[in-house]
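What follows is a set of notes on a single structure, which appears directly below.
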Amino acid sequence: MLELNSSNLSEYLFSTHKIPSPNPSIESLSGGVSALVFKITTANSSFIVKQACSRLRVKDLWVSDPSRIERDFLFLSAFKSLLPRESLTEALWYDAQNHVLGMSTATAPATPWKKELLSGIADPLRAGQAGELLAIIHEMGGGLRENYPKLADKTIFQQLRIEPFYERLEISHPRYAPMIRRLRDRMLIENSTICHGDFSPKNLLTHPGGLTLVDHETAHFGDPAMDVGLFMAHLVLKAIHAKSLRPLYADLIRSFLESYVGNQRQLDFNYQQSSLGHLGVVLLTRVSGTSQVDYLDESQKQEAAKLAHDLLEGEIKTWKSFPPCSW
């Protein structure tokens, strides 16, 4: 595997006939903790190059097979004609040997929604768009199993979500082990539809046309309640960070759930209870586990942990009781 960087990327693209001439403009973008991402601009085109890392850039040891980049390619291929055009980038080519994916750029100007949320901009329209997008993925994904059998393999999801989030938390918080184990087992057994696995504000780019979803490495056939819980966890953390603006961020959660419910059919009590359990797990992981956020102070982390404990104790049972009325 050739590890790409700003020095060798031009030669790689030219030698593999991805660009017609050497020395394009290369801009390094944020790939989070799991990937290297570059924007390539030539005289005639602009596109994104992404390469998965084998070791994620976090404090604790966290490794994952870089072949997971194929899931990005498969997800984009699966939903290319099923989602609104601007909701996804387009897969241009896939290099399995070096675990590299070429994609079109998102509609410009595109900004990670996380950036807006951390700067005090709470737009319920964005949350509604996110709810609709996730609901469509869950509604349409169930019919794609025959054409995308590789997404039934949960090895990557195990490496990036189940082991670092659930299994480590089960060890560090044995009080909640039975609930965490039930959630984990359900994720391993369930395969009703395609789940994104990392549906979060950092992976939703905002632009005048709506939202573009990126980073699909954890996509798999699984339990959609996990996607809902994970996304709500990110909104909760932004609400806690927002301090006096918290009521506006609470409205984001309500707007997301209202939109998701309006575009999704299978939302019984068990589904809601499971999603709230996943919300608790992700909250606790993000403030005291493997993948901690960097924008909360210690008192805010303690508040998030307290809410996580309430969720894992089962004190909040349905979406009607969430977010807390005090918000």
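Values in this text are rule-based calculations from the coordinates and carry no lab data. The model shown is predicted, which means the values in this text are computed figures rather than measured ones. Cβ sites come from the backbone with ideal geometry, for glycine too, and all protein chains shown count toward neighbours.
Peptide packing: for 113-120, 253-260, the average count of neighbouring Cβ atoms within 10 Å per residue gives the ranking 253-260, 113-120, highest mean first. Take 200-211, 176-187 and order them by the average number of nearby Cβ atoms within 10 Å per residue, most first; the result is 200-211, 176-187. Near Tyr148, once Lys and Arg are set to +1 and Asp and Glu to -1 for all other residues with Cβ below 14 Å from its Cβ, the sum equals +1. Packing around the peptides 269-275, 46-52, 320-326, 214-220, taken as the average count of other Cβ atoms within 10 Å per residue, puts them in this order, highest first: 214-220, 46-52, 269-275, 320-326. For the range 240-327, the alpha carbon convex hull comes to 103 Å³ per residue, rounded to a whole number. Structural descriptor for the chain: relative contact order 16 percent, calculated from alpha carbon pairs under 8 angstrom and at least 6 residues apart. Positive contributions from Lys and Arg (+1) and negative ones from Asp and Glu (-1), summed over other residues with Cβ under 12 Å from the Cβ of Ser46, come out at 0. Using a simple spin-label model with pseudo-atoms 7 Å out from Cα toward Cβ, Glu315 and Met140 lie 4.1 nm apart. If the segment from Asn8 to His207 were pulled out straight at 0.36 nm per residue, it would be longer than the present Cα-Cα gap by 68.5 nm. When the pairs Lys18/Lys202; Lys50/Lys301; Lys50/Lys202; Lys238/Lys317 are compared against a 26 Å limit on Cα-Cα distance, Lys18/Lys202; Lys50/Lys301 fall above it.
Taken about its Cα centre, the chain carries a charge dipole of about 300 debye when Lys and Arg each add +1 at the Cβ and Asp and Glu each add -1 at the Cβ.
Remark: C-alpha extents of the range 103-142 on the principal axes read 36, 27, 13 Å, sorted largest to smallest.
Taking all Cα-Cα distances within the range 9-104, those exceeding 16 Å account for 59%. Computed over the alpha-carbon atoms, the range 96-236 gives an Rg to Rh ratio of 0.99, Rh here being the Kirkwood radius from the mean inverse distance. The reciprocal of the average 1/r between distinct C-alpha atoms defines the Kirkwood hydrodynamic radius, which for the chain equals 20.3 Å.
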